[in-house]
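What follows is a single structure, written as structure tokens, with notes after it.
The values are calculated or read from the model by the stated rules, or taken from the named source; none is laboratory data. For clarity, every value in this text was computed on a predicted model and none was experimentally measured. Ligands, DNA and RNA are stripped out before the accessible areas are found, and what is left, the full protein with its side chains, is counted by its heavy atoms. Shrake-Rupley method; radii C 1.70, N 1.55, O 1.52, S 1.80 Å.
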Amino acid sequence: MKYIKDNIGTVLLAIILVLHIVFIHVKISNVESKIPSDYVPRIEYDLKDQMIRQTLHNIQVEVESLERKLNKIEEIR
């Protein structure tokens, strides 16, 4: 009789664990479905922003350099 009680307890524990795992899986699936598919993580946004700002800065430096060269050419004429 003792073995039957132990087995019933083990079976009930296994059922509870399986139900808990299923419940957690369903909950995670619901949360994942609410995240938009075009979601951009913050770090990716920051890196892209930094890259764009650096590109603009580089373009500005090149334009200023070309402007100085153009002014020198105009002074020579």
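Of the numbered conditions (1) modelled with pLDDT of 95 or more; (2) polar (S, T, N, Q); (3) open to solvent by 100 Å² or more (accessible area, probe 1.4 Å), S37 satisfies every one except a single condition; which is it?
Status for S37: all satisfied but (1).
Taking only segment 40-62 into account, find how many residues are open to solvent by 80 Å² or more (accessible area, probe 1.4 Å) and either not in a helix (DSSP H, G or I) or not hydroxyl-bearing (S, T, Y) (or both).
The qualifying residues number 14.
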